[in-house]
Structure formats: C-alpha cells, structure tokens
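Worksheet: one structure, shown below.
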Amino acid sequence: MRPRALWTVAALALSVACGSKTTTTTAPTNTITPGPTIGVAAAQSPTDGQLMGGLQVTLTAGSASVDQSSYTLQYRFQVLNANGDISEDSGLVSGTNWTTTKTLTPLASYTWRVRAESQGYAGPWSTGGSFKTPEQPNAYTRPIGDWQSCSSLTAKTTALVSCVWNAVHPTDTVSDMELVKRVAWLLRGQGAGLLIKTGGENTIIWQGYSFSASRICYPDGHIYKLLSDAGPGGANLPQFSDNDFVDKTLYVPAMDPSKP
C-alpha cells in the first residue's frame, strides 16, 4: 500500500475512535415535596333555604383536616346569587364563621360554599348551603336632606341625580331606591315613573310592586339608569344614562316618596 493510503486509513481509524466516546449524564437529584391533602370543610349553617333575620348573614362551617402539621388552615367563604354569580368572597379568614359585609338583596335566594386553604393549596369546595333574605326594612332610617330643592333641575341629566344623591347618600339597595323614588317624583310632569323588576339584584318591594332600585321608566318603556355600580358594596354613583327600552307594562307612574 502506498504511504498516502496508509495515512488516510490511520486518520479514519482515529476519527471513528474519537466519535465512539460515550458521555454519561447524571440526573438531577432535587426532591419535590408533595403538597398537603386538605379535607372538606362542611357547610353547616344556614342550609335548606332558611329564611334569615336580616340582610347580612353569618355563615358557619365545620373544620377541615390536613395531613401535614406544618400547614395551618384558613377558610374562604363565597355567597352566590340565584344566577350563580359570586355576590361576595370573604377572602381568607382564620375561623370557621364569617358574616357577610355587604347588605344582601331583600327577598332573594342565595347559596354559599366554603373551602379550606393553606400556603397556596386548597381543599375541595363544600356542598352548598342555601338561605333566603327577608324584606328590606320598612323605611330608610338615615336622615334625608333637602332633595326638594332639586326641583329646579328638570332636565334628564346627571346634575339632577347628583343633586338628589347629595341629599340621600345611597350606599345599598334600600337607599338606592330612596334616590330613584325622588328623581322619578321630580320628573313626574314629563312622565317619569318606576320600573317593575321581579328578579335579580337590586330590587325593592314597595307599594305592592317589586321595583328596580337603580332605574326609572317612561310610559313608552324607555328606561334610564340613575346609579352606576349600584347595590351593596358598590360605589352607587349618580348618573343619568339611556338604558334602552322594555315592555311598556313594566312602567308604573311615579309615587310620592313620603309614602311608607
């Protein structure tokens, strides 16, 4: 064999030998500690559609279990309205009792649930409890200022609502309705009245009707919203905004707001 051919064979053998070298990779040794197993916190009271004595409700749960002593349990309560929307979330509380902070809608049905949590881990939600709220108080007991002085404002504007708002200072469904009554009464010469609303949030029973506590209505079914973010826990801020049309049969002429 010629010298050049011998050199080529040697180079090829060296290349094969180098390419066949085996590299060993060591797997990481990090150990992941599993999270705790958290048991169910039972919904104890109220249950079965119980009629409550007021528009704020105390919820009671049973203690949950956890299989690792280094985890301290806290509890989260949620109240849901008839549509399944969350009306209030307690956030994490240390005990198994919690009282709603918002004034709930009168004559409404609610469900509630609870679960235990710790350090980002959560147990399952409980089977839901349920309750009903009573009628709202017979009258708005907070003193109402000189809303009659707003009668010079006869246009459909936020200025009129703001004037009445400053006299009433609404903070919840009951006081919202006191504003709506007065705005409708001041605009009664233009046909303003009240809007029948038989379900959902922010409704008030008055004079034998179930009314919207945030809107007024006209004989042609044209409705206007007087409060933004209305109801318990909301901002309840004044406005006068077009809110479309409804069936004309839902209109009720304005009534004297001094009636009980």
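The values are calculated or read from the model by the stated rules, or taken from the named source; none is laboratory data. Nothing here was measured: the structure is a model prediction, and the numbers come from that model. When we count neighbours, we look across all protein chains shown, and the Cβ atoms used for this are built from the backbone with ideal geometry, even at glycine.
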Inside segment 72-100, the number of residues satisfying the requirement of being among the hydroxyl-bearing types (Ser, Thr, Tyr), at pLDDT 95 or above and surrounded by 14 or more Cβ atoms within 10 Å (Cβ to Cβ) is 3
If I filter segment 165-185 for residues that are farther than 16 Å from residue 214 by Cα and not small (Gly, Ala, Ser), do I get at least one hit? no
Number of the exception - residue 257 against (1) under 24 Å from residue 56 (Cβ atoms); (2) part of a loop (DSSP other than H, G, I, E, B); (3) touching a Lys or Arg at 6+ places or on another chain (Cβ under 6 Å); (4) at pLDDT 90 or above: (1)
Spot the failing condition for residue 155; the list is (1) under 24 Å from the mean Cα position of the chain (by Cα); (2) assigned to a loop (DSSP other than H, G, I, E, B), and only one is missed. (1)
Only one of (1) modelled with pLDDT of 95 or more; (2) surrounded by fewer than 18 Cβ atoms within 10 Å (Cβ to Cβ); (3) basic (Lys, Arg) does not apply to residue 215, and that is (2)
Residue match in segment 63-70 (condition: modelled with pLDDT under 95, within 22 Å of the chain's Cα centre (by Cα), hydroxyl-bearing (Ser, Thr, Tyr) and assigned to a loop (DSSP other than H, G, I, E, B)): no
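Just to check your reading of the model, which residue among 192, 167, 235 is within 22 Å of the chain's Cα centre (by Cα), surrounded by fewer than 23 Cβ atoms within 10 Å (Cβ to Cβ), of a type in the set (A, V, I, L, M) and outside the structural domain of residue 107 (by TED's automatic domain parsing)? Reasoning before the result, please.
Numbers: 192 fails: within 22 Å of the chain's Cα centre (by Cα); 167 fails: within 22 Å of the chain's Cα centre (by Cα).
235 is the lone residue from the list that is within 22 Å of the chain's Cα centre (by Cα), surrounded by fewer than 23 Cβ atoms within 10 Å (Cβ to Cβ), of a type in the set (A, V, I, L, M) and outside the structural domain of residue 107 (by TED's automatic domain parsing).
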What about residue 213, is it in the same structural domain as residue 172 (by TED's automatic domain parsing), within 15 Å of residue 161 (Cβ to Cβ), in a loop (DSSP other than H, G, I, E, B) and in contact with a helix residue (DSSP H, G or I) (Cβ under 8 Å, 6 or more places away or on another chain)? no
For residue 242, are the conditions met, namely being loosely packed, with under 14 Cβ neighbours inside 10 Å, assigned to a strand (DSSP E or B) and over 20 Å from the mean Cα position of the chain (by Cα)? yes
Does segment 34-50 contain at least one residue that is loosely packed, with under 15 Cβ neighbours inside 10 Å and free of Cβ contacts under 8 Å to residues at least 24 places away in the same chain? yes
